[in-house]
Structure formats: C-alpha cells, structure tokens
Amino acid sequence: MVEIGLVGKPNVGKSTFFAAATMHTVEIANYPFTTVEANRGMGYVRKPCPHVELGVPCNPKKSICIEGTRYIPVELIDVAGLVPEAHAGRGLGNKFLDDLRHADALIHIVDATGATDAEGNMIAPKTRNPYEDVKFLEKEIAYWIANIIGRGWIRIARRLEAEKVKIESVIAERLSGLNIGEKEVHAALNNIGLDKKPTKWNENDILKLSFEIRRIAKPLVIAANKADAADEDYLREFIKICDRNGYSAIPVSADYELALKRAAKAGLIKYNPGDGDFEIVKEEKLTRRQIEALEKIREFMKKHGGTGVQKVIEHAVFNILKMIAVYPVEDEHKWTDKDGNVLPDVYLFREGATALDLAYKVHTELGENFIRAIDARTKRILGHDYILKDGDVIKIVARR
C-alpha cells in the first residue's frame, strides 16, 4: 500500500490534518509535541469507478464506492513534530526520521499564517516566513541521509575504486532501510554530476547528493494549512515562492475538513470527502452560530475548490508519485471475481507498471505462472509487457 508521511514542525496542525483525512481519533492540542508516537490511519484517493460503465453496482472489498467514485485507501503516517537539528537527535528527531523510513512521499504541513516559530511555539501572525520551514525540513532530511551515506566513507570509497564496484549499488545498500533503491541513487548521481572517483568527494558533495536523493526518493507536496486564517496576500506570496522553488503548495484548512466530517457523521450535512460543497440536511438541529460557521466554510471551499485536505493527498499520489488505478477481475465479461463480486479490488501502481506487475500484485503464483492478460473492456489479449493504463479492468490468465 502507498504510504504518505505527514511531516512538519510541532503545532502546525498535522494531527488535525491526520484526523480530518482519516477520522482517526488522535490527541490534538495547541502546544508542541502533542504527537509522540506515530499515528497510522487510512486516507483515500478518488477515481471514477468503472461500475458506472457496466451499469451494475460494484462490491468493493478494501476500497469504498460513493456515487460512482471509488475511494482507494492509502496509509497516512502522522509523525512527531520536527525541530531544528533533529538529524542530530534533538527533540524527537531520531524517532521522527525513523518513522519516515518507508514513506513513498511526504506531505509537509506548514502554518500558512506565519504564527509559529521554528520550535512550534505560538507567535504573532506573519512573524515567520513559512518558506523557512520548507527549507529547514529539506535540510533535516538531507542531513539524515548524508549521515547514513557518509559513515566511514573514505574506507568505502577506496574499496569502490579498488574493486570497481558500482557506486549507486553501495549507496543504495546503505539506504535500503529508507526504501531508497539503486534507481533513485543512479538518477541523483546523474543529475548532480559528482567526480567519478568517490575518494575525491567531500562532506559537501555527500550532502549535495543527499538533497537530490531526497528530492527523488522522498518527494513532497506542501499543505499550506490554516489557510482559512491566513492573510490572503501573505498566503498568495508563499504559494508563489514555493512554485518558484519547484514545490506545489495547496491552501488547506484541516479544521474545516474535520468540522465537515464530524457534521456529516452526525447526519447534519451531506458531504463526500473532496467535494467542493456540502448540503445541509437537518437545518432545524443547527444553531444560528453553527449555520454561520458552515457558511464561512462554504465560502472558503468556493474560493479554493474544497478544504484542500483531499486535494493535497491526491496531488501527492497522482501528480507527485504518478500513480494509476487498475482493477483486476476473474471474469472479463461480468467484471467479477470467482464469487461474483463486481470490481471487488483496485490497486495503485506507478506509471509504467505492466500486466506482469499486476499479476504479481494479485498473487505471486499468478505472476510466476503468467500466460496472458485480457483487457475486460475490449477483450484484447495483452502480453506480460503491456503497460497498464489508468482505469484498466484486467483479467490475468495463468497456468494452473
């Protein structure tokens, strides 16, 4: 399953974002280090469900279908707040970094009001430039990676040159516990062009490499949280700065999303996560103040196309990680499994994945005994190297 780390300094709304995205009960408070142990919960990304084409209801097992939209689970990890020098063990730094080892991408939650200092303490709005937090997070993760690569580097570099071993293989082996492979290291080395002889690398070279490895292997999107309380010009300028530096920053109000989820759970409104609006269904049970609060939320949603919580998760999965959704079936005519369930499963894959990758994902034996795949829409026969497309409905045929 795709894992997304929720990162940032203390007191920026990470736990509220996590609760809003997952409806998982967590401790939320207005002081640093509310989160000590990493919270794990299920968030979702949306795709059109193919059952609409078929004209019959679907029977999802691990996903959810709401009004023709399939909500596909992804794991969210809410880790302890990060403070300066975390890579050296300050604050809860070692634990923070350890909890991020297997994250495929990061959502960096930033206080867009500029009202929290570097340590997460409350200060006056617009006192701290939120982009300072972006730079500081980049630095902490890069230093963490550099510490792992650089341990005993001179000895390793000499062996590399003497034995003519591939540099990326050795570095990838060191970083394997961080879910970073040879492919990512190779790309980073190509991008920055370090000396071919690793014995000539200095600390700055290793750090430069580590920044690039982080960019490739742990990509991040920025959630400009508390956007509902942020000065509009201040927020707009922050988003521009992020864009100029290669980051996507999305206005978010985790508070608003959590309020809507709770109201929907109580049956007061009709709201599907990610929608740009909601419908009040039990106005008689709401106070005037509650109605005014909901209208304020609606105004924000109209301006930003929603609360931003769902948008930032989907941006991480579909635009940053470039993932697609594929539906395996056993009956290519009825789009069912062996028990007659319609479109019961859906898997997320990186772009470029093949029919053989799907077979292995469904079951190892299917991959090992793969014969062919069938496009359930066109009934076309597909080979093992067929490149999967977003929304594909595929049957795998294997030797028994």
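Since every read-out is calculated from the coordinates, none of them should be taken as a lab result. Worth saying up front: this structure is predicted, and the values here are computed from it rather than measured. Here the Cβ is made from the backbone with ideal geometry for all residues, glycine too, and neighbour counts use every protein chain on show.
Taking the stated definitions as given, is I148 under 30 Å from A80 (Cα atoms), part of a helix (DSSP H, G or I) and free of Cβ contacts under 8 Å to residues at least 60 places away in the same chain?
When the stated conditions are applied, I148 passes them.
Of everything in the range 177-203 that is part of a helix (DSSP H, G or I) and more than 16 Å from R215 (Cα to Cα), the residue that is nearest to the chain's Cα centre (by Cα) is G177. Considering only residues of the range 380-400 that are in contact with a helix residue (DSSP H, G or I) (Cβ under 8 Å, 6 or more places away or on another chain) and among the small types (G, A, S), which is surrounded by the fewest Cβ atoms within 10 Å (Cβ to Cβ)? By that ranking, first place goes to G383. I want to confirm something. Restricting to the range 242-261 and keeping residues that are aliphatic (A, V, I, L, M), touching a strand residue (DSSP E or B) at 6+ places or on another chain (Cβ under 8 Å) and assigned to a helix (DSSP H, G or I), which single residue is nearest to A20 (Cα to Cα)? Out of the qualifying residues, it is A254. Note on the range 315-372: residues that are assigned to a helix (DSSP H, G or I) and closer than 30 Å to V252 by Cα total 6. Annotation note: of A325, A376, A316, the sole residue that is closer than 26 Å to L76 by Cα, touching a Lys or Arg at 6+ places or on another chain (Cβ under 7 Å) and hydrophobic (A, V, I, L, M, F, W, C) is A325.
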